[in-house]
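Structure first, then comments.
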Amino acid sequence: MAPTLRRIALIVAVATALSKVVGLVRQQVIAAAFGVGVAYDAYNYAYVLPGFLLILLGGINGPFHSAMVSVLARRPREQGAHVLAAINTIVGAGLLGVTLVMLVAADPLIDLVGPGLDATRHAIAVLQLRWMAPMALFAGLIGLGFGALNAADEFWLPAISPLLSSLAVIAGIGLLWWQLGAAILLPQWAVLGGVVLAGTTTLGAVLQWLVQLPALARQGLHRFQLVWDWKDPGVREVLQVMAPATLSSGMLQINVFVDLFFASGIVGAAAGLGYANLLVQTPLGLLSNALLVPLLPVYARLTAPEDRPQLIDRIRQGLMLSNASMLPLGAVMVGLAGPIVGLVYQRGAFNGGAAALVAGLLMAYGVGMPAYLARDVLVRVFYALGDGTTPFRWSMGGIGLNAIFDWVLVGGPTPWWGLVLPQLNFGAPGLVLATVGVNVIACLGLLLALQRRLGGLPLRAWARDTLLLGAAALVAGLAAWGLAQGVRWPAGLLGLLLQNGLGAAVAIAIYGLLASLAGVPEARDLLALLRRRRPA
């Protein structure tokens, strides 16, 4: 990467790492306090809609963020301030309506996402959803503001801000534990525990919005006024990118609804998915932000026909760096799933049964790690080209495929004949494998669409290098698994630390050696960068 991209990537990586570490601590606190019990299981259903909006609209690399970066990066600061004020006004009005709908219709909405919930979980989830309804408004404002800051080359604050949300939840649970102690797990306190989870989650979103206001003002991008300007060219361009991009990303999140629909019939599956997903999103979010945040403005500035060769080189760079980092990470997660879950979560209310459930889910997630980030890279290229329609079409198709794959991989449940495909019943991990399959198909489709749009891509060379990296990752993952299973490790925390630390170190060393011998340039660049960052 160019020096500027390296600097940006480092800033984003450090900030995101801090945020993700605190997020992991938050999840450990939740696991110790609630395990896979009623309060947290219900929370996973209540969080579906507000969490969907926070990730979709407020997340870095989400459609609101990407649209603002793509448009404002090419405009003077004064024009950017006007565009941001107008978009905030238009979007804010719409999201106020969404907030009211969630408040009023919380009961049927929970029925929709969790039809198999028992009465207790359903009631708690309805209450939690009402507490989290205001997140709809703040999610949009967060995404727009942080997109404007990235367009103004300010990267630290957007990447670090999720830390505030995690701290709010940790503080809330800490206060609850201080008041109740071990009684926090008793059924009579399940409602209070659920409210604390939901209320502090909303507080965290409010803090994320508030913290960006001084930075926007400092950059000359914030105006405390309502601006109803639909006709401004910048506003229209943002809306043209944002609308299909939001629908496209929204289709991805609808897959979460589909997964939870099938998970509602599997006890503890929703909570297990939440814990496993956090283990995946911690490194995935770090690498995604470090890679995509600096590359998105570059893609946006290389859309002219004369820049086509350089754009193709940057696309390869994004995809191969994604593969070079995600393949070994996925291999380690598959090979060390049990020890990782034991080390991170297994304490307090989180027992051996919960650990086994989450470990199986983590293995399934690990298989699909490369496709998650590669798809994001390809989607951002289309956004930079002003095309949100192609990703949207693939996302639409993905919803149907995900529903079919979900149904098949949990055994084909029916209300009349039970499981019609019991031999294919993978339980909760089947839901993750279904999503993996959809992401792989989408990546292939987007690559072919991009090849047609750009007049050709060297896909054979890219596929060859990806297969070489995949083979290196497979050997590394098998080595980690063999080491974890073949050595008699000490019991307790020390054993888990040794098992994970040595297993991961051996796997990464083997992968690094094989990837270097394979001669993939991006893998060598990544390894060289890691060596330069290593303390003397």
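Derivation of every value follows stated rules applied to the coordinates shown; laboratory data play no part. Values in this document were obtained by computation on a predicted structure and should not be read as measured data. A quick note on method: Cβ atoms are made from the backbone with ideal geometry, for glycine too, and the neighbour counts reach across all protein chains shown.
Summary of computed values
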| quantity | calculated |
| --- | --- |
| Residue 301 paired with residue 210, simple spin-label distance in nm, labels 7 Å along Cα-to-beta-carbon | 3.6 nm |
| Where labels lie 7 Å past Cα in the beta-carbon direction, separation of residue 182 and residue 229 in nm | 6.3 nm |
| Neighbour cut-off at most 15 other Cβ (10 Å), DSSP loop, trypsin sites (Lys or Arg not before Pro), the range 311-398 | 347 |
| Additional length obtainable on full extension of the chain from residue 440 to residue 494, 0.36 nm per residue less Cα span | 15.7 nm |
| Nearest-0.05 FRET efficiency for residue 451 and residue 485, computed from C-beta distance (R0 56 Å) | 0.85 |
| Residue order, fewest to most beta carbons within 10 Å, for 306, 237 | 306, 237 |
| Computed FRET value (nearest 0.05) for residue 461 with residue 14, which takes r as the C-beta separation and R₀ as 30 Å | 0.35 |
| FRET efficiency, 1/(1 + (r/R0)^6) with R0 51 Å, evaluated for residue 389 and residue 421 via beta carbons | 0.90 |
| Net length gained if the chain between residue 404 and residue 100 were fully extended (0.36 nm per residue, minus Cα distance) | 106.2 nm |
| In sequence order, calculated HN-Hα J values of the range 180-190 (Karplus, 6.51, -1.76, 1.60; Hz; x Gly/Pro) | 10, x, 5, 5, 4, 8, 5, x, 5, 9, 5 |
| Residue 93 paired with residue 189, simple spin-label distance in nm, labels 7 Å along Cα-to-beta-carbon | 4.7 nm |
| About the Cα centre, charge dipole magnitude for the chain (Lys/Arg +1, Asp/Glu -1 at Cβ), debye | 1220 debye |
| Listed values [x] 26.3, 89; [y] 22.7, 69; [z] 28.4, 127, entry calculated as Rg and Dmax of the Cα atoms in Å | [y] |
| Sequence of 340, 510 once ranked by neighbouring C-beta atoms within 10 Å, starting from the fewest | 510, 340 |
| Ellipticity estimate at 222 nm from DSSP helix runs (n ≥ 4, -39,500 (n - 2.57)) divided over the chain, nearest 500 | -27500 deg cm²/dmol |
| Placed amide H near residue 410: partners under 5 Å, 5+ positions off or other chain | 426 |
| Segment residue 351-residue 112, extension gain: residue separation times 0.36 nm, minus the distance between their alpha carbons | 83.0 nm |
| HN-Hα J in Hz across the range 437-446 - Karplus 6.51, -1.76, 1.60, θ = phi - 60°, x for Gly and Pro | x, 5, 5, 5, 5, 5, 4, 5, x, 5 |
| Contact order normalised by residue count of the chain, Cα under 8 Å, 6+ apart, percent | 19 percent |
